[in-house]
Amino acid sequence: MKKFLLPLLFLCLFILESLFVQYVPSDLFGHNKIIAPHFLFTALLFLTIFVGRKPGIIYAAIFGLLFDIVYIEIIGIYLFLFPFVAYLASKILNILQNNFLVAMVITIVGNALLEIGAYEMDHLIHVTDIDFLTYLNLRFYPTLILNAIFVMIAGYPLKRLFEKHIEAIRAE
């Protein structure tokens with residue numbers, strides 16, 4: 001039963017992102033602002049930080065592919081970005097101490113890297129034509145604020161869940 005807890009959690013967060021976009025008012029951060037929740041990706045980064053690099057990157061690749069299939073017309077953007085940013089987060093942890101505050105900062109920076117990476121890939125293949133400064137004001141800052149709030153609210157419960165998951169794995 002414990003094997004299915006993490007995939008179920010990630011699947012619920014995947015669905016929660018869609019519901020959030022559908023039911024939260026679009027002018028939450030102001031008129032003509034775009035917010036993109038990355039609740040799933042935040043949980044994937046916490047998994048990478050508190051459980052380990054290998055499971056974090058594996059789950060990031062699986063859910064990156066699922067994200068591409070469901071939401072994006074081009075397969076591969078999030079399939080590449082989710083595991084790549086998770087790998088970068090794990091490498092940063094080799095330098096820094098692993099505590100909750102550092103995990104929160106790394107997760108927020110990881111969300112920023114994901115957003116900028118997705119914009120740059122979309123701009124490279126001409127999916128978007130807005131310039132970078134417009135993108136920053138229109139989508140990047142509101143998205144970063146929303147995901148930082150989510151990290152502050154859900155960060156500690158996710159940390160505790162993943163610590164319990166590690167204890168359960170070690171007990172087996």
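The values are calculated or read from the model by the stated rules, or taken from the named source; none is laboratory data. Values in this document were obtained by computation on a predicted structure and should not be read as measured data. Every residue, glycine among them, receives a Cβ derived from its backbone with ideal geometry; neighbour counts consider all protein chains shown.
Annotations for the structure displayed:
- Of all residues in segment 15-42, those being under 13 Å from the mean Cα position of the chain (by Cα), part of a helix (DSSP H, G or I) and not hydrophobic (A, V, I, L, M, F, W, C) number 2.
- The residues of segment 122-142 that are touching a helix residue (DSSP H, G or I) at 6+ places or on another chain (Cβ under 8 Å), modelled with pLDDT under 95 and crowded, with 17+ Cβ neighbours inside 10 Å, listed by number, are Asp122, Arg139.
- A residue that is loosely packed, with under 14 Cβ neighbours inside 10 Å, over 11 Å from the mean Cα position of the chain (by Cα), modelled with pLDDT of 95 or more and farther than 19 Å from Tyr78 by Cα can be found somewhere in segment 3-14.
- Being free of Cβ contacts under 8 Å to residues at least 12 places away in the same chain and among the hydrophobic types (A, V, I, L, M, F, W, C) holds for only one residue in Ile153, Ile116, Ile145, and it is Ile153.
- The lone criterion from (1) without any contact (Cβ under 8 Å) to a residue 24 or more places away in the chain; (2) assigned to a helix (DSSP H, G or I); (3) out of contact with any Leu (no Cβ under 8 Å at 6 or more places or on another chain) left unmet by Leu45 is number (1).
- Within segment 17-32, the residues that satisfy the criterion of being surrounded by 15 or more Cβ atoms within 10 Å (Cβ to Cβ) and closer than 19 Å to Tyr71 by Cβ are Glu17, Phe20.
- Pair list, Cβ < 6 Å and 6+ apart or interchain, from segment 64-90 residues that are more than 16 Å from Thr128 (Cβ to Cβ) and in contact (Cβ under 8 Å) with a residue 24 or more places away in the chain to residues that are part of a helix (DSSP H, G or I) and among the small types (Gly, Ala, Ser): Phe82/Ala60; Phe82/Gly64; Pro83/Ala60; Pro83/Ala61; Val85/Gly110; Ala86/Gly56; Ala86/Ala60; Ala89/Gly110
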